[in-house]
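Let me begin by presenting the structure, written as C-alpha cells, before commenting on it.
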Amino acid sequence: MKLSVNTWLLIGGLTLLLAQPAFSKTLEEAARQASRQNNNAKVLSARTVQQQQRRVHQVKVLTKDGVVKTVRIPDNSQKKKQPQKAKPKR
C-alpha cells in the first residue's frame, strides 16, 4: 500500500502534536489533565506552589488500583516579566 505525501504529512503532524506536553493554565485544567493521564483517577486535592522562580500545580489523585500519586504540572498562565533595568543615579 502506497501512502500519499499528504497522508505522511498528516501522520507526522499528529505525531508531533501528541508528543508535545500539555501545559495547563488553570488549576482546574491541571486537575482534569492529571486525572486523564492516570486513567480517569479521582482527584483528591490540587494546589499551586512556587518552586524556585516558577509556579507548579500539584495534584493528588487516587488511581483505580488504590494508589495515591502526586502529579506536577507547570503553570504557564503567568506572563513572563521582563527584568527591570536599574535607573542610573544622578
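Each reported figure results from applying straightforward, stated rules to the coordinates on display, with no laboratory input. All figures in this text were calculated on a predicted structure; none of them were measured in a lab. Here Cβ is always computed from backbone atoms with ideal geometry, including for glycine, and neighbour counts include all displayed protein chains.
When peptides 48-58, 67-77 are ranked by their average number of other Cβ atoms within 10 Å per residue, the highest-first order is 67-77, 48-58.
Spacing of the modelled spin labels on residue 49 and residue 76, each 7 Å from Cα toward Cβ, amounts to 2.3 nm.
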